[in-house]
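First comes the structure, then the notes that go with it.
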Amino acid sequence: MEKQSDKEIASKKQRDQMLRLVAKGFYNELMNYGVGQGEVIRVASHLLDNLLAKEKKPAKDEGYYNGIFTLASVKDEWADCKQLAVQDVMLRPLRKLVVKKLVRWLKDPAVRESFVPAFPQNEGELHEYFQPAREYFSIEHNGEAVGIVGGENIDSTAGKLEMKKLVGESGLHGKGIGKRATFGFLYHAFMIRNMNKVYIHSRDINMRNINLNSRFGFELEGVFLDDITVGDKRQDVVRMALFKSLWLQIFSQGASGEPAGRA
C-alpha cells in the first residue's frame, strides 16, 4: 500500500472533523426538537435501517452558487460612485442613518447573539465601532437599507479579513438578499481590495449556515471548542475561509457557461 501524502492525511483529518461537526449539530437539533437522550439510539438505528434498505438515496450534491452568480452578476460602479449592485441588492458605504436602524435590529436576541463577538447595542458605541479600521456597507433592497455587511480584522499585509453580515428587516429573510449581499461583498474584497482570503466565524454548530457558506466556496478551517459564553452556556465557534483563487475558479462563469440567473 502506498504511503499517504501529507496533503491526503490533512484532507482526511479535515473530513473527519467535518463529520464530527455534522454529528454534533444533528445531536443538538434532536435535543432542540425534544428527542430524549435515550431515544437518540433509536434515531441512529432508523438511520442505519434506511442506509441498509437503501430507502433513501443521498441528496444530489447542490454544488456551488455558480448557477446563480458570476463575476458578471455584479454591476461595478465603485470607481465612479462607491456602489456595487447584484441584481436588486445594492452595497454602499455605511451611513449614520443605517446605524440607527442597526440598534433596532440588534434588539432581537437571535440577531444579536449570532455574531462573534456581539456588536455593541448602544448607538454611540456603534458609531465608534464602525471606524475606518472596519469597512462596512449598508445592504439596500429596492432603495431601502435592510442590513449591513462588512470586513473586520483587515490585514492588508497578509491580504485577509473577517466578514460579517446581517439582514435585519423582518419579513425579508429567505428572499436571497443575504446571498446577493454576500456575493457583492466577496467581489469587493477580492476584486477591488485584492484580498487573498476572507474568513467567517459562526457560533455553535449550525449546519444550515455551514452548508450555505460552503456553496460560496468557504471551507472549514477550524473549530474552537467551548470558546465563548452566551448567557450561561458555553458554545463552540466555527471558522470557515475562502481564498480568492478558488472563488475566481468557481465564479468566473456559470456552471453552464451562461450568465447566472436570479437568486
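The values are calculated or read from the model by the stated rules, or taken from the named source; none is laboratory data. Quantities reported herein were computed from a predicted structural model and do not represent experimental measurements. Heads up, the Cβs are rebuilt from the backbone with ideal geometry, glycines too, and the neighbour counts pull from every protein chain shown. These area figures cover heavy atoms from the full protein model, side chains too; ligands, DNA and RNA do not enter into them. Shrake-Rupley method; radii C 1.70, N 1.55, O 1.52, S 1.80 Å.
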When every residue in segment 112-130 that is among the aliphatic types (A, V, I, L, M) and farther than 15 Å from G168 by Cα is compared, the one most open to solvent (accessible area, probe 1.4 Å) is V116
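Condition check ((1) modelled with pLDDT of 75 or more; (2) in contact with a strand residue (DSSP E or B) (Cβ under 6 Å, 6 or more places away or on another chain); (3) in a helix (DSSP H, G or I)) across all residues:
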site	(1), (2), (3)
E2	no, no, no
K24	yes, no, yes
E39	no, no, yes
K56	no, no, no
Go through segment 183-239 and report how many residues are at pLDDT 95 or above, out of contact with any Phe, Trp or Tyr (no Cβ under 7 Å at 6 or more places or on another chain) and of a type in the set (K, R). 1
Taking segment 138-170 and keeping residues in contact (Cβ under 8 Å) with a residue 24 or more places away in the chain, open to solvent by 20 Å² or more (accessible area, probe 1.4 Å) and of a type in the set (A, V, I, L, M, F, W, C) leaves A158
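Listed here are the residues, each with its yes/no results for (1) over 14 Å from the mean Cα position of the chain (by Cα); (2) closer than 20 Å to A85 by Cα.
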{"residue": "V146", "(1), (2)": "yes, yes"}
{"residue": "G150", "(1), (2)": "no, yes"}
{"residue": "L161", "(1), (2)": "no, no"}
{"residue": "E169", "(1), (2)": "yes, yes"}
{"residue": "K175", "(1), (2)": "yes, yes"}
{"residue": "I192", "(1), (2)": "yes, yes"}
{"residue": "Y199", "(1), (2)": "no, no"}
Failed item, numbered, when K175 is tested on (1) open to solvent by less than 30 Å² (accessible area, probe 1.4 Å); (2) under 20 Å from N66 (Cα atoms): (1)
When residues of segment 95-111 are limited to those that are of a type in the set (A, V, I, L, M) and within 14 Å of V167 (Cα to Cα), the one surrounded by the fewest Cβ atoms within 10 Å (Cβ to Cβ): A110
Pair list, Cβ < 6 Å and 6+ apart or interchain, from segment 4-18 residues that are of a type outside the set (D, E) to residues that are modelled with pLDDT of 70 or more and not in a helix (DSSP H, G or I): M18/L220
Working only within segment 70-118, note down all residues that are among the acidic types (D, E), more than 29 Å from S252 (Cβ to Cβ) and out of contact with any strand residue (DSSP E or B) (no Cβ under 7 Å at 6 or more places or on another chain). D108
Residue pairs qualifying under the 8 Å Cβ cut-off, at least six apart or on distinct chains, with the first in segment 71-87 being without any contact (Cβ under 8 Å) to a residue 40 or more places away in the chain and open to solvent by 70 Å² or more (accessible area, probe 1.4 Å) and the second being charged (D, E, K, R) and not in a loop (DSSP other than H, G, I, E, B), are K82/R92
Keeping to segment 167-182, report how many residues are under 24 Å from A118 (Cβ atoms) and modelled with pLDDT of 90 or more. 5
Search segment 196-218 for residues that are open to solvent by 40 Å² or more (accessible area, probe 1.4 Å) and pair each with any residue that is at pLDDT 80 or above and part of a loop (DSSP other than H, G, I, E, B) when their beta-carbon atoms are under 8 Å apart and the residues are at least 6 apart or on different chains. N196/A158; N196/G159; R215/G63; R215/Y64
